[in-house]
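> One structure, pasted below without further comment.
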Amino acid sequence: MESSWKARTRGFTLVELLVVIAIIGVLIGMTMPAVQSVRAAARRTVCMNQAKQLAIACLMHESSMRSLPANGWFYRFAADPRAGFGADQPGGWHYNILPWIEQGNLRDLGSGGTDAEVKAIMTTEVIPRVVATFVCPSRPSVPISPGWNFQNMGTPIAFGRSDYACNSGNKPNNNSGYFLGNDSSGVIYGRLSTELRDIQDGTTNTYLLGERYLNPDFYTQRGDPDNDQGWTVGNDTDVFRTTDLPTDPAIYASKYKPRKDTAGLSVRNAFGGPHTVFNMARCDGSVHGINYHIDPETHFRLGNREDGEPIAEL
């Protein structure tokens, strides 16, 4: 009787335990992709909401200042809190919209200081600052090792990145792709400002800003010329993108084609991002998830505020 009771109450054998563990592993393996997919979708939604906030801030700037934000001077010039919002401001569009994303105190830092005081505050407190609204949740939100020294501010201890770039148009006027004058076809470029009434193709048919492509190898360190000066810089590829469509397909593929972040691949001027689609805000404030295989002609047209050409439905 005793031996029968013991037989009925014995534990699992090693083989049975291994089978159970294997089944649990299979179940976890089946559910993990779904969990990861849900998390990725949630991060993209947050990113889309941030692009929306930035677009609304640009439109509020236009309402208050009678123009969309200017994009500053040029690379190696950082923002200056004493220089206002217009052509005298060396910093770009991110700096100019700070008051409309509840970061007015950050923009005011150093505004009443001497040259030496302003440089110290900018290089230690402002340029290195990570502004959450500027950082896609699918990328690291940490300051990046110092890049260039700024001609007007010295060398920062680090710099905060933005994952969003303004639309500077579809017809660069020199080999570098920078817009230096009013011949830009975009909406935010250089020292000049665009009013909504200048957008002749209609605000629903024109990009305002969106996610920018980055090489993941340089998310957190210097090394990519598109990511070495941060969000306070003026009219540089850290803060703008273009949609040019060269006749040479190889040039389009190497510089302007939207693409998903890819380790080992550095390209210039391209929109893109870490998601399955990339988020783009138009000048009416709406935000759209765009396929990386968007028709090049359509992408080209959306970058031009005044070409008068229709765009295909996305």
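The values are calculated or read from the model by the stated rules, or taken from the named source; none is laboratory data. Here the structure is a predicted model, which is why all the values come from computation and not from measurement. Neighbour counts are summed over all protein chains in view; Cβ atoms, including those assigned to glycine, are modelled from backbone coordinates with ideal geometry. For the accessible areas, the whole protein counts, side chains as well, though only heavy atoms, and no ligand, DNA or RNA atoms are used. Shrake-Rupley method; radii C 1.70, N 1.55, O 1.52, S 1.80 Å.
> Nearest 10 degrees, 0 to 90: what angle lies between the long axis of helix 14-65 and the longest principal axis of the chain (Cα atoms)?
Relative to the chain, helix 14-65 is tipped by roughly 20 degrees.
> Can you compute log10 of I(q)/I(0) for segment 264-312 with the Debye formula, treating each Cα as one identical point scatterer, at q = 0.15, 0.17, 0.31 Å⁻¹?
With no solvent term, the Cα-only Debye profile gives -0.47, -0.59, -1.37.
> Give me the percent relative contact order of segment 192-314, please, defined on Cα pairs under 8 angstrom at least 6 residues apart. Could the numbers behind the result be given before it?
Values: 215 pairs, mean separation 42.0, N = 123.
In percent, rounded to a whole number, it is 34.
> Check which residues have an amide H placed less than 5 Å from ILE290's amide H, if you skip close sequence neighbours.
HN-HN under 5 Å from ILE290: PHE278, ASN279, MET280.
> Also: So for segment 89-171, what percent of the C-alpha to C-alpha distances run longer than 18 Å? Don't skip to the answer; put the middle values down first.
Details: 1575 of 3403 pairs.
Pairs farther apart than 18 Å: 46 percent.
> Sequence-distant or interchain residues sharing an amide H contact under 5 Å with PHE150, placed H: which?
THR155
> Also, quick follow-up: How much length is gained if the chain between GLU297 and ASP108 is pulled fully straight, taking 0.36 nm per residue apart and subtracting their Cα-Cα distance, in nm to one decimal?
Details: separation 189, 0.36 × 189 = 68.04 nm, distance 4.18 nm.
Net length gain for the segment: 63.9 nm.
> Peptides 259-267, 121-129: what's the order by average Cβ count within 10 Å, highest mean first? Show your work: numbers first, answer last.
Values: 259-267: 14.7, 121-129: 20.3.
Put in order of decreasing packing, that is 121-129, 259-267.
> Let me ask you something else. Bin all alpha-carbon pair distances of the chain at 10 Å intervals from 0 and give each bin's fraction as a whole percent.
6, 26, 32, 17, 6, 4, 4, 3, 2, 0
> Now, a different point. Give me the log10 of I(q) over I(0) for segment 129-278 at q = 0.15, 0.18, 0.21 Å⁻¹, as the Debye formula computes it from C-alpha points; what are the numbers?
Reported log10 I(q)/I(0), two decimals: -0.78, -1.11, -1.42.
> Taking just the C-alpha trace of segment 195-295, give me its Rg and Dmax in Å.
Radius of gyration, then largest Cα-Cα span, for segment 195-295: 14.1, 42 Å.
> Calculate the radius of gyration of the Cα atoms of segment 212-258 to one decimal place, then report Dmax, the largest Cα-Cα distance, as a whole number, both in Å.
Radius of gyration, then largest Cα-Cα span, for segment 212-258: 12.0, 34 Å.
> Okay, next question. Within the chain, what whole-number % of the accessible surface is contributed by carbon and sulfur, with the 1.4 Å probe and all protein chains included in the calculation?
Looking at the chain in its full context, I get 56 percent from C and S.
> Could you sort 87-95, 213-221, 235-243 so that the peptide with the highest average Cβ count within 10 Å comes first and the rest follow in order? The partial results should precede the final answer.
Working: 87-95: 25.6, 213-221: 18.1, 235-243: 27.1.
Order by mean packing, descending: 235-243, 87-95, 213-221.
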